[in-house]
Amino acid sequence: MFQLSRVRGKPSRLGLASLGIGTRSPLPTRPFRLLSTDTLAPPKSPRPRPQIPIEPRPRSRLLSRILLVAKYTGYAALSSTFGILLLGAGIFIHDAFTYTSKNIHRVPVLPLALHPEQGGPKNLPIVRALVDDVEDEEAKSLLNKPKLVVVGGGWGAVSVLQTLSLGDYHVTVVSPETFTTFTPLLPSAAVGTVQVRTLVEPLRKIIARLRGHFVDAKAVDLVMSERLLELETVTSTGESQRIYLPYDKLIIACGSTSSTHGVPGLQHCFQLKTISDAQAIRRRILDNFETASLPTTTPEERKRLLSFVVCGGGPTGVETAAEIYDFCQEDIANYYPKICREEVSIHVIQSREHILNTYSEAISRYAEEKFRRDRVDLVTSARVGSVHPDHVVYTVRSPDGTITTHEIPTNFVLWSTGIAMNPFTRRVSNLLPNQVHKKAIEVDAHLRVKGAPLGDVYAIGDCATVETSIVSYLLELVDEADKNKDGRIDFDEFDFMVARIKHRIPMAESQLQKVRTLFDLYDSDADNTLSLNELCKLLQEIGNKITALPATAQVASQQGKYLGKKLSQLAKKREVLEANGIHDLDEAISGPFRYTHLGSLAYIGNAAVFDLGSLSFMGGLAAMYAWRSIYWSEQVSARTRFLLMIDWIIRGVWGRDLSRL
């Protein structure tokens, strides 16, 4: 038995190889000496050396990332495929249950609905029953409920319908339009930013929740003594027909028309209150550009065709001017001859010193600067004198009082300057002797029409205005506050009177904050009491300082929700209240209507402004998306929200539709 010996304390190559450890350089070879086992000392175990782990070659980072991306891409593709298959299966199942035959044979109809009786002051057919009153058990259960008739299909009417409880009333909606319109986006529809179908929701779908009824007609007159509403309908032959519709409670929410201010030639103007108005405006704008693109059009005629005049610097006028500017910048410049874009001019004529004058001063300045940068012509402190087929005449008052007359050649004029009564609201106002307001029906703080039978007729929205006069309640207030019946009001009695005024007319609260100061101010003889003459002067001046509620969708919506909730409570508690001898049911059910201003907003061309009372917010893209978010959330249904989002995406990717339809 032989053993390898060490030379100078270093192991031989063979010994290293036997350990599985290689060396970088070869060791010098030495001769080995063979020794017998007898002469050798006991062998020493070799000193253990640490084992060096052999790692596999690291994988390329790029390859690892590619595999990771491929894995998650596969997951996404599989999940998308599964989602599409699931959606397709859902649509298939929906169609399988939708497109089926329904049993509509032998639907019951009341004989009185097919052959209404004649009556009323004009001996007209009285529609006491409708053809769908008894078509099922749920409809029959509503037949003996109080008849609630809603005239109109705007913001106020829809808010009432969405707030009412099912089963409280036999509801009938009367409107010449079969749909409700999201009016704040009508300027966008006028240039094709959104489609008109996106802004409408059928009224029949809205009233289906209440199992209500719809009558396609126009209200023309009212017989309050017999609770009959006179309607004008159109027969299959195109002829008009008058009928009576009975009611127990009537809500007038038919909106308003634009005020003419006595300006001649308004038949040559467009308004922007309905879907038809938006469609007519869009056709005129496209017609003007198509005619201006013809080679036979003279430069003077082209300039007139591409001149757009907006009369009125309120939100509607400003937003329409901004939408026309965006349309020209983003679509006309790309698809029409460049000469058309160079000749476009947009003019805004405002009678006040600033546009958006109901907003904060900072917002007005921001909007004016934005329009000046966009080269939109702002004509302030001006009044339109007349409108002609080919031009507009207006006058401008300079700071020194000088009045000058100007003309603007144009083929497009939008008239958006205030509101006025429509024929039906004017008729209702003329029927009542105490209706003195010139623009709307006057209602009390409970939204009841003044002069009508108590609790029978309500009015909300643009067609109504909440009373601000306190003098008309002078004698009632004195009778309630004058405890000692001496004909004079001391400070304690006046403090009680102020509380009653705030309850009757909540809008007067801001003018009645400093009670002691008011008392001392109008106590002219300093006898620490107020006479009837002093009280009359005080109440008259306070009433003049109260600002009427604006004719906006926000006001109409809040009024509709308030009235819907109150009528539902009234239906549930009527019997108890009448049994207790309470006659003023509205007063017993709820307090007066209080308007909460949630802010105003306006679009000014790829930018937006917000007036939130004490705070103002204005800006570019971020503000515009905030404006879109608010309008998107205020849509009537999920269907219109989806369509609106799709329209905005289409406009951003492919631009506006330039088809003339």
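The values are calculated or read from the model by the stated rules, or taken from the named source; none is laboratory data. Keep in mind that what you see is a predicted model, and the values were worked out from it rather than measured. Positions of Cβ are backbone-derived with ideal geometry, glycine not excepted, and every protein chain shown enters the neighbour counts. To get the accessible areas, we keep the full protein, side chains included, count just its heavy atoms, and leave off ligands, DNA and RNA. Shrake-Rupley method; radii C 1.70, N 1.55, O 1.52, S 1.80 Å.
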Hey, any idea what Rg/Rh is for segment 486-530, computing Rh the Kirkwood way over Cα pairs? 0.98
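Based on the alpha-carbon gyration tensor of segment 560-661, what equivalent-ellipsoid semi-axes (square roots of 5 times the eigenvalues) come out, in whole Å, largest first?
Values: eigenvalues 381, 79, 17 Å².
Three semi-axes, in Å: 44, 20, 9.
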With label points set 7 Å from each Cα along the Cα-to-Cβ direction at L112 and L615, the distance between them in nm comes to 5.6 nm
For segment 349-435, Kirkwood radius (reciprocal of mean inverse C-alpha pair distance, Å): 15.7 Å
Using the Karplus equation 6.51 cos²θ - 1.76 cosθ + 1.60 (θ = phi - 60°), what ³J(HN,Hα) coupling, rounded to whole Hz, does each residue of segment 256-261 give in order, writing x for Gly and Pro? 8, 10, 7, 6, 8, 6
Taking a crude spin-label model, label points 7 Å out from Cα along the C-beta direction, the S510 to R197 distance in nm is 4.4 nm
If the limit is 25 Å between Cα atoms, which of K502/K566; K205/K438; K514/K566; K218/K438 go over it? K205/K438; K514/K566
In deg cm²/dmol, rounded to the nearest 500, the helical mean residue ellipticity at 222 nm of the chain, built from -39500 (n - 2.57) for every DSSP H run of length 4 or more, is -11500 deg cm²/dmol
Using alpha-carbon coordinates, inclination of helix 61-98 to the longest axis of the chain, degrees: 40 degrees
Report, in debye and to the nearest 20, how large the dipole of the chain comes out about its Cα centre when Lys and Arg carry +1 and Asp and Glu carry -1 on their Cβ. 6180 debye
Using 15 Å as the cut-off for backbone N distance, which residues of segment 595-616 belong to the label zone defined by a point 7 Å from the Cα of K561 along Cα→Cβ? 595-600
Which residues qualify? For F270, with a placed amide H closer than 5 Å and at least 5 residues away or on another chain, they are V413, L414, W415
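Could you give the length gained on full extension between K438 and R639, defined as 0.36 nm per residue of separation minus the Cα-Cα distance, in nm?
Contour length minus Cα-Cα distance gives 68.5 nm.
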Once the piece of chain linking A622 and A208 is laid out straight, how much longer is it, given 0.36 nm per residue of separation minus the C-alpha distance between them? 145.2 nm
DSSP-assigned coil residues among GluC sites (Glu not before Pro) in segment 186-236, each with at most 15 further Cβ atoms within 10 Å: E226
So what are the ³J(HN,Hα) numbers for segment 333-344, from phi and the Karplus equation (6.51, -1.76, 1.60; θ = phi - 60°), rounded to whole Hz, Gly and Pro as x? 5, 8, 10, 10, x, 4, 5, 5, 5, 5, 8, 5
Ordered by residue, what ³J(HN,Hα) values in Hz, to whole numbers, does segment 222-239 give under the Karplus form 6.51 cos²θ - 1.76 cosθ + 1.60, where θ = phi - 60° and Gly and Pro are x? 9, 10, 5, 5, 10, 6, 10, 9, 8, 10, 10, 10, 10, 7, 5, 8, x, 8
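Calculate the FRET efficiency for T517 and A579 from the Cβ-Cβ distance with a Förster distance of 45 Å, rounded to the nearest 0.05.
Details: r = 46 Å, r/R0 = 1.02.
The pair T517/A579 has a calculated efficiency of 0.45.
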Could you calculate the FRET efficiency of R128 with L598 from 1/(1 + (r/R0)^6), where r is the beta carbon distance between them and R0 is 45 Å, rounded to 0.05? 0.60
Given charges at beta-carbon only (K, R positive; D, E negative), |dipole| of segment 192-309 in Debye: 480 debye
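Can you give the % of DSSP beta bridges in the chain that are antiparallel, to the nearest 5?
Working: 46 of 79 bridges.
Antiparallel bridges: around 60 percent, rounded to the nearest 5.
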At a probe size of 1.4 Å, how large is the accessible area of H437, to the nearest 10 Å²? 70 Å²
Where in segment 411-481 are there trypsin sites (Lys or Arg not before Pro) that are in a DSSP coil and have at most 12 other Cβ atoms within 10 angstrom of their Cβ? K438
Using all alpha carbons of the chain, what is the percent of pairwise distances in each 10 Å bin, ordered from the shortest bin to the longest? 2, 11, 17, 18, 16, 11, 5, 3, 2, 3, 3, 3, 2, 1, 0
Would you kindly state how much longer the chain becomes between Q279 and F491 on full extension, computed as 0.36 nm times their sequence separation minus their alpha carbon distance, in nm to one decimal? 70.3 nm
Pop the C-beta distance of A526 and S381 into the FRET formula with R0 = 30 Å and round what comes out to the nearest 0.05. 0.10
If each of A499 and T297 carries a label point 7 Å out from its Cα toward its Cβ, how far apart are those two points in nm? 7.0 nm
